[in-house]
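> Structure in structure tokens, see below.
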């Protein structure tokens, strides 16, 4: 039986195996809680270095608008983020009104009644075609 030791990112860089973040791109998929963990409580998430070399970060499960904002801040160096939002219609509308980008970055978003919402003709529509929220 052969056993392999997995090297850390810093060890690979120190040994010259990887010279910069262009050498490798990872696809990362995990829960919001795990991705945003800060176990040493230093204000930087543990996955910060991982985000630097991530091609795509996929978050399992729905996020609130506030969680999407925190993720977008922490994972700003990742090439792409993939997440869905489920929050109140008001928070979703406020995010769009303020051009925060959290809702527009989501692959889908659902409002208070659980219906998937889309923007069409400056109005929110749920999948049943009903109007919701605000006019733009």
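The numbers here are math on the coordinates, done by the rules we state, and not lab data. It should be emphasised that the depicted structure is a prediction, and the values quoted were computed from it without experimental measurement. Reconstructed Cβ throughout: ideal geometry from the backbone, glycine too, with neighbour counts over all protein chains shown.
> Rounded, prolate or oblate for the stretch 37-122? Axes are the square roots of the Cα gyration tensor eigenvalues, ordered a ≥ b ≥ c, and the cut-off for rounded is a/c under 1.5.
Taking the square roots of the gyration eigenvalues as a ≥ b ≥ c, the stretch 37-122 is prolate.
> Can you give the extra length, in nm with one decimal, that the chain gains between residue 76 and residue 33 once fully stretched, where that is 0.36 nm per residue apart less the Cα-Cα distance?
Roughly 13.8 nm would be gained on extension.
> Can you put 109, 51 in order of Cβ neighbours within 10 angstrom, beginning with the fewest?
Sorted ascending by nearby Cβ count, the order is 51, 109.
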